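Take a look at the structure set out below.
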């Protein structure tokens, strides 16, 4: 019995060294108002961007800030294709800020890119955000949305089943 327990403990230790933990894919979206227009701040893990092959890095576990900056055109194109904002069902114009304004933040031990997106809408009524980033590479991706405008203040989770806020 003692030998069996020792063998099981040894086997468990050997297998534990080969198991890699799955990183959760979580982004943060902050929607606020500036001069009567929406402002979106997207915070996304560098690891997630590398996994999606949006950064010019051969190793998804080692990302340098210069590689993020070098990927500016790809990232701006990606976010404008994966995020839409409407006002009264009319598409608004999204303008992601350039790389020289981007910020690197550490959240819960992981590095995140903070990218602001200015929004121009024809009207100030019935704002709605649609977010589709990263779901195609990570089905369990979540975006924690902090919506704080004059009309509404809420925190919600966007996932592959809930892509639009507020829902119709």
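Within the range 55-134, considering only strands (runs of 3 or more DSSP E) that don't extend past its boundaries, which have at least 1 residues that are more than 17 Å from the chain's Cα centre (by Cα)?
Filter on the range 55-134 gives 83-87, 93-96, 110-120, 127-131.
Testing residue 137 on (1) in contact with a helix residue (DSSP H, G or I) (Cβ under 8 Å, 6 or more places away or on another chain); (2) within 22 Å of residue 37 (Cβ to Cβ), one condition comes back false. Which one is that?
(2)
Looking at 113, 145, 158, 129, which one is over 17 Å from residue 31 (Cβ atoms), in contact (Cβ under 8 Å) with a residue 24 or more places away in the chain and either surrounded by fewer than 16 Cβ atoms within 10 Å (Cβ to Cβ) or touching a strand residue (DSSP E or B) at 6+ places or on another chain (Cβ under 8 Å) (or both)?
113
Among the numbered criteria (1) in contact with a helix residue (DSSP H, G or I) (Cβ under 6 Å, 6 or more places away or on another chain); (2) closer than 29 Å to residue 152 by Cα; (3) modelled with pLDDT of 90 or more, which one does residue 54 miss?
The single condition residue 54 does not satisfy is (2).
If we keep just the residues of the range 52-61 that are touching a residue at least 12 places away in the same chain (Cβ under 8 Å) and crowded, with 17+ Cβ neighbours inside 10 Å, which is farthest from residue 138 (Cα to Cα)?
55
The values are calculated or read from the model by the stated rules, or taken from the named source; none is laboratory data. For clarity, every value in this text was computed on a predicted model and none was experimentally measured. All Cβ positions, even for glycine, are placed from backbone atoms using ideal geometry, and neighbour counts span all protein chains on display.
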